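Q: Just passing along the structure, written as structure tokens.
The values are calculated or read from the model by the stated rules, or taken from the named source; none is laboratory data. No experiment lies behind these values; they were computed from the predicted model shown. For neighbour counting, all protein chains shown are included, and Cβ atoms are generated from backbone atoms with ideal geometry for every residue, glycine included.
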Amino acid sequence: MAENRHSVLGEGTDVGIIGGLVVAVWFLLVDAIAGHPFQTPSLLGQVVLLGNRDPDTSRLAFGAILFYTAFHFIVFILLGIGLVALVHWATSNPVVRYALLPVFLVFEVLFYGVLQVFSERTHELFPFWAVITANTLAALSMAVYLWRRHPAFKQSIRDTPLGDAPMR
């Protein structure tokens with residue numbers, strides 16, 4: 001199977017949906033255990049998209065849930081497309097693999113940083129451990145999907161491990 005036959009847009013959309021679903025399901029579970037399912041997208045929609053600095057935690061804002069869910073998946077799909085393009089590029093250029101770790105680290109802290117910028121209240125509503133766990137689970141699930149779909153990428157890592165100069 002040739003690597004160039006993979007559609008960056010199609011596969012990136014799949015990768016983004018996988019990551020987005022993992023995060024959504026994680027926070028649905030966290031919210032359900034706390035006794036208030038769907039509170040996370042309600043609050044994030046109110047803070048991030050509707051600009052409410054003091055979100056209503058006593059009720060669900062269904063419009064905010066819908067807006068945030070759409071926004072959430074669009075962001076993940078764009079991230080997935082970028083990640084797939086990076087994997088395709090890293091297959092033929094081992095130096096590009098050095099970008100994968102910084103992309104992962106940015107992915108890990110970006111969401112929490114955005115929350116801090118938008119509202120002082122969000123850091124008490126979304127504990128750091130929950131955000132890091134969600135992002136790590138999403139990153140791992142997207143990585144597993146890409147690892148299985150790209151045997152040429154796996155082979156390029158075997159042929160030229162990080163730190164080795166490519167043999168040409």
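Q: Pairs only if they're at least six apart or on different chains, beta carbon under 8 angstrom, first in region 143-154 and over 13 Å from LEU100 (Cβ atoms), second surrounded by 17 or more Cβ atoms within 10 Å (Cβ to Cβ); list them, first residue then second.
A: So the pair list comes out as TYR145/ASP14; TYR145/VAL15; TYR145/ILE18; ARG149/HIS6; ARG149/GLU11; ALA152/THR91.
Q: Same structure again: State which residue pairs qualify: first residue farther than 26 Å from SER156 by Cα and inside region 69-97, second residue modelled with pLDDT of 90 or more and in a helix (DSSP H, G or I) in any location, beta carbons under 6 Å apart, and separation of 6 or more residues or different chains.
A: THR69/PRO41; HIS72/GLY20; PHE73/GLY20; PHE76/GLY16; PHE76/GLY19; PHE76/GLY20
Q: Run ARG148 past the list (1) charged (D, E, K, R); (2) modelled with pLDDT of 80 or more; (3) touching a helix residue (DSSP H, G or I) at 6+ places or on another chain (Cβ under 8 Å); (4) surrounded by fewer than 16 Cβ atoms within 10 Å (Cβ to Cβ) and report the number of the one that doesn't hold.
A: So ARG148 meets the others, but not (3).
Q: Select from region 127-160 the residues that are farther than 24 Å from VAL15 by Cβ and in a loop (DSSP other than H, G, I, E, B) and list them in ascending order.
A: PRO127
Q: In addition: Scan region 4-43 for residues that are within 17 Å of PHE111 (Cβ to Cβ) and touching a His at 6+ places or on another chain (Cβ under 8 Å) and jot them down.
A: Listed by number, the residues that qualify are GLY20, VAL23, ALA24, PRO41.
Q: Go through region 42-59 and report how many residues are buried (at least 17 other Cβ atoms within 10 Å of the Cβ) and either among the small types (Gly, Ala, Ser) or modelled with pLDDT of 95 or more (or both).
A: Number satisfying all stated conditions: 2.
Q: Has region 112-122 got any residue that is acidic (Asp, Glu), part of a helix (DSSP H, G or I) and over 22 Å from GLY12 (Cα atoms)?
A: no
Q: Identify, by number, the condition in (1) under 21 Å from HIS36 (Cβ atoms); (2) modelled with pLDDT of 80 or more; (3) of a type in the set (S, T, N, Q) that GLN155 doesn't meet.
A: Looking at each condition in turn, GLN155 falls short on (1).
Q: Related question: LEU9 - would you say it is at pLDDT below 95 and assigned to a helix (DSSP H, G or I)?
A: Considered against the rule, which asks whether it is at pLDDT below 95 and assigned to a helix (DSSP H, G or I), LEU9 comes out as no.
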